Amino acid sequence: MPTTAKEKGMEVTDYVDERYDLEKSTEAACSYLKDAYTKFGNWTLAAASYNGGMAGVQRQLDAQKVNSYYDVLLTEETARYVYRILALKEIMKNPQKYGFEIPEHALYSEIPVKKIEIDSTINDLASFAITQGINYKILKIHNPWLRDKSLPNKSKKVYQIEIPTAGYTKK
């Protein structure tokens, strides 16, 4: 959620949404879950709060006078969320048992990238991409957190933009 992302130090605007940055969003999610575990003392309530919010889960626990995920009635979406996480954990632990063993030859190969630091405004991301030897589509694939066609930066914040160094052919 935008408010939670901002609480975790992420930028969420019309131009930048760091919830789409794989590394930053993963770090924020881990931080959130760690805080939720500290608050609730168990992973099921922590996971439920990831979907329903810590305050929302706590309100339901208080209103229903219970302290266990398995005793509280939550919204259907939040209640299902925990079981989906548990199912994914089980599949990730035993992928072949559930038919998810992917042969090496079928996996995508990693695309090497370099990260460049930008501390100024980019008025046209398509033109910027061309100066980096790629196109706008490839820039957006590697930087989905860039949400518009420009990057205003009056504050001179340092952004790291991922540029692939190989893996794409030029036409």
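The values are calculated or read from the model by the stated rules, or taken from the named source; none is laboratory data. Owing to the predicted nature of the structure, the values given are computational and were not obtained by experimental measurement. Quick reminder, even Gly has a Cβ in these numbers, built from the backbone with ideal geometry, and neighbours come from all protein chains shown. Side chains are part of the model used for accessible areas, which takes the heavy atoms of the whole protein and leaves out ligands, DNA and RNA. Shrake-Rupley method; radii C 1.70, N 1.55, O 1.52, S 1.80 Å.
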Notebook entry, point to check: Is it the case that residue 50 is hydroxyl-bearing (Ser, Thr, Tyr), over 30 Å from residue 159 (Cβ atoms) and crowded, with 18+ Cβ neighbours inside 10 Å?
Noted result: no
Margin query: So in the stretch 130-143, with the set limited to residues that are closer than 17 Å to residue 112 by Cβ and out of contact with any strand residue (DSSP E or B) (no Cβ under 6 Å at 6 or more places or on another chain), which one is least open to solvent (accessible area, probe 1.4 Å)?
Written below: 139
Note to self: Can you go through 73, 88, 146 and tell me which one is touching a residue at least 12 places away in the same chain (Cβ under 8 Å), open to solvent by 50 Å² or more (accessible area, probe 1.4 Å) and under 30 Å from residue 36 (Cα atoms)?
What the structure shows: 73
Notebook entry, point to check: If you check 57, 12, 66, which single one turns out to be open to solvent by 30 Å² or more (accessible area, probe 1.4 Å), modelled with pLDDT of 95 or more and touching a helix residue (DSSP H, G or I) at 6+ places or on another chain (Cβ under 9 Å)?
Noted result: 66
Notebook entry, point to check: Within the stretch 13-46, how many residues turn out to be polar (S, T, N, Q) and in a loop (DSSP other than H, G, I, E, B)?
Noted result: 2
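Against the definition (touching a Ser or Thr at 6+ places or on another chain (Cβ under 6 Å), modelled with pLDDT of 95 or more and either open to solvent by 100 Å² or more (accessible area, probe 1.4 Å) or assigned to a strand (DSSP E or B) (or both)), how does residue 114 come out, yes or no?
Details: touching a Ser or Thr at 6+ places or on another chain (Cβ under 6 Å): yes; modelled with pLDDT of 95 or more: yes; either open to solvent by 100 Å² or more (accessible area, probe 1.4 Å) or assigned to a strand (DSSP E or B) (or both): yes.
Criteria met by residue 114.
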